[in-house]
Amino acid sequence: MIVVHATVPVESESREEAVEAAVSVAEESRKEDGVVGYNVTVDAEDENLLRFFEQYEDEAAFGEHASSEHFAEFVSKLPGFLDGEPTLTRFEVSEASEISM
């Protein structure tokens with residue numbers, strides 16, 4: 001499984017537009033074959049920081065997402081609301097299990 005964590009800092013004036021674009025790309029991405037999970041959140045400590053948590057079955061699914069029309073549309077909108085550089089971290093996971101609390 002491939003897991004991606006991305007952070008996207010957005011300008012406060014463009015926050016609403018950024019959140020709408022992020023929700024849209026998340027909704028469309030969850031419909032893709034091979035997407036295990038795709039969530040976007042607003043950081044609890046910084047309302048102008050979006051966090052993406054993405055899970056893909058394999059490299060092929062990740063590649064399909066990266067070349068999808070809805071992802072390209074989201075990327076094209078980024079310059080209009082960014083306030084800094086996004087960060088992306090990719091994890092290759094061989095095993096995952098739930099933790100009891």
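The values are calculated or read from the model by the stated rules, or taken from the named source; none is laboratory data. Note that the coordinates shown come from a computational prediction; the quantities given were computed from them, not determined experimentally. Every residue, glycine among them, receives a Cβ derived from its backbone with ideal geometry; neighbour counts consider all protein chains shown. Just the protein is used for accessible areas: all its heavy atoms, side chains included, with ligands, DNA and RNA removed. Shrake-Rupley method; radii C 1.70, N 1.55, O 1.52, S 1.80 Å.
The table for this structure:
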read-out: Set Glu59, Glu17: member being among the charged types (D, E, K, R) and closer than 21 Å to Ala96 by Cα; value: Glu59
read-out: Unmet criterion (only one of (1) over 14 Å from the mean Cα position of the chain (by Cα); (2) surrounded by fewer than 16 Cβ atoms within 10 Å (Cβ to Cβ)) for Asn48; value: (2)
read-out: Residues of the range 72-101 that turn out to be of a type in the set (S, T, N, Q) and in a helix (DSSP H, G or I), as a count; value: 1
read-out: Enumeration of residues in the range 52-71 that are open to solvent by 60 Å² or more (accessible area, probe 1.4 Å) and in a helix (DSSP H, G or I); value: Glu59, Ala60, Glu64, Glu69
read-out: Search result, residues across the range 1-32 that are within 14 Å of Asp83 (Cα to Cα) and either surrounded by 12 or more Cβ atoms within 10 Å (Cβ to Cβ) or of a type in the set (A, V, I, L, M, F, W, C) (or both); value: Thr7, Val8, Pro9, Val10, Glu11, Ser14, Arg15, Glu17, Ala18, Val19
read-out: Close pairs from the range 25-44: first closer than 20 Å to Lys77 by Cα and assigned to a strand (DSSP E or B), partner open to solvent by 30 Å² or more (accessible area, probe 1.4 Å) and modelled with pLDDT of 95 or more, Cβ under 6 Å, at least 6 apart; value: Tyr38/Arg30; Asn39/Phe53; Thr41/Arg51
read-out: The range 61-100, residues that are of a type in the set (Gly, Ala, Ser) and under 15 Å from the mean Cα position of the chain (by Cα); value: Ala61, Gly63, Ala66, Ser67, Ser68, Ala72, Ser76
read-out: Residue count, the range 33-45 (criterion: more than 13 Å from the chain's Cα centre (by Cα), buried (at least 16 other Cβ atoms within 10 Å of the Cβ) and closer than 28 Å to Ser14 by Cβ); value: 0
read-out: Where a residue in the range 67-83 is farther than 10 Å from Ala21 by Cβ and its partner, wherever it lies, is at pLDDT below 95, with Cβ under 9 Å and at least six apart; value: none
read-out: Output for the range 76-96, where each listed residue is surrounded by 13 or more Cβ atoms within 10 Å (Cβ to Cβ) and of a type in the set (A, V, I, L, M); value: Leu78, Leu82
